[in-house]
Amino acid sequence: SVSLFVGALAFNMMFDMYTPRKYPKNGFRWWTAKASILGAFAVLEVVLIESFMIGIDGLAPVHPWATLGMLFSIALAFMSIVYWLNLVFGKVGAFFSMILLVLQLGGSAGTYPIQLSNGFFQAIHPWLPMTYAVSGLRETLMIRDSAVTEMLILIGIAIVFSIFSMLFYGRRHGRIKEIEFES
């Protein structure tokens, strides 16, 4: 899950998520043009990660297809969070994303049990997206249990932050002029 978050960070730092290539008809179409690229990157990232983990590291998930679905849910959630932070806050959004990553490393119970953490990390544990990513991956990789709850939470996070992004584009659409795109 850390590699998916870092991938989202790297992609959003390299790709301009604001400037449209041509004048968008509305905020939703503007969002769709940008989100389709993010979605394609997320799919590529997930396929590469699972392929490398199985092919090179010899990972044998108990539920390979569920693991792929879990990875995709994680990638979409992380991508939409980092995307929104960079869209709204610019370069400062990348800094906020790094802070979120550091908080998630300590509070998601991915490195060691949350019961061994201090009170701060125990308090933020249920509010961190990586908590559900780590839990879901444990289920699909090793435990033979369902990770549907974790997937639904992560997809919900992706939907909420995508709606925030759509609202941002909708609000900004009225501020750009069609004349700026005529060439």
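The values are calculated or read from the model by the stated rules, or taken from the named source; none is laboratory data. Owing to the predicted nature of the structure, the values given are computational and were not obtained by experimental measurement. Neighbour counts run over all protein chains shown; Cβ positions are idealised from the backbone, glycine included. Ligands, DNA and RNA are stripped out before the accessible areas are found, and what is left, the full protein with its side chains, is counted by its heavy atoms. Shrake-Rupley method; radii C 1.70, N 1.55, O 1.52, S 1.80 Å.
When residues in segment 32-63 are screened for being assigned to a helix (DSSP H, G or I), more than 23 Å from PHE164 (Cβ to Cβ) and small (Gly, Ala, Ser), 2 of them pass.
For segment 128-140, the condition of being open to solvent by 40 Å² or more (accessible area, probe 1.4 Å) and out of contact with any Ser or Thr (no Cβ under 9 Å at 6 or more places or on another chain) holds for at least one residue.
Do we find that LEU76 is at pLDDT 95 or above and surrounded by 14 or more Cβ atoms within 10 Å (Cβ to Cβ) in this structure? Yes; evaluated as a whole, the condition is true for this residue. Could you tell me whether any residue of segment 81-94 is modelled with pLDDT of 95 or more, more than 25 Å from ARG21 (Cα to Cα) and touching a Ser or Thr at 6+ places or on another chain (Cβ under 6 Å)? Within segment 81-94, not a single residue is modelled with pLDDT of 95 or more, more than 25 Å from ARG21 (Cα to Cα) and touching a Ser or Thr at 6+ places or on another chain (Cβ under 6 Å). Candidates SER97, SER73, SER80, SER117: the one that is within 15 Å of the chain's Cα centre (by Cα), polar (S, T, N, Q) and farther than 18 Å from GLY39 by Cα is SER97. Out of the residues in segment 158-183 meeting the condition of being in a helix (DSSP H, G or I) and over 24 Å from the mean Cα position of the chain (by Cα), tell me which one is modelled with the lowest pLDDT. Among those that are in a helix (DSSP H, G or I) and over 24 Å from the mean Cα position of the chain (by Cα), it is ILE179. Against the conditions (1) open to solvent by 20 Å² or more (accessible area, probe 1.4 Å); (2) outside any helix (DSSP H, G or I); (3) among the aliphatic types (A, V, I, L, M), ALA123 satisfies every one except (2). Given the condition hydrophobic (A, V, I, L, M, F, W, C), in a helix (DSSP H, G or I), in contact (Cβ under 8 Å) with a residue 24 or more places away in the chain and closer than 30 Å to ASP57 by Cβ, answer yes or no: does some residue in segment 106-113 qualify? The answer is no, given that none of the residues of segment 106-113 is hydrophobic (A, V, I, L, M, F, W, C), in a helix (DSSP H, G or I), in contact (Cβ under 8 Å) with a residue 24 or more places away in the chain and closer than 30 Å to ASP57 by Cβ.
No other residue among ASN12, ASN26 is touching a Ser or Thr at 6+ places or on another chain (Cβ under 9 Å) and among the polar types (S, T, N, Q) apart from ASN12.
Within segment 63-92, can you find the residues that are among the small types (Gly, Ala, Ser) and in contact (Cβ under 8 Å) with a residue 12 or more places away in the chain? Of everything in segment 63-92, those that are among the small types (Gly, Ala, Ser) and in contact (Cβ under 8 Å) with a residue 12 or more places away in the chain turn out to be ALA66, GLY69, SER73, ALA75, ALA77, SER80. Within segment 1-30, being assigned to a helix (DSSP H, G or I), out of contact with any Gly (no Cβ under 8 Å at 6 or more places or on another chain), open to solvent by 20 Å² or more (accessible area, probe 1.4 Å) and of a type outside the set (D, E, K, R) holds for SER3, VAL6, ALA10, PHE11, MET13, MET14.
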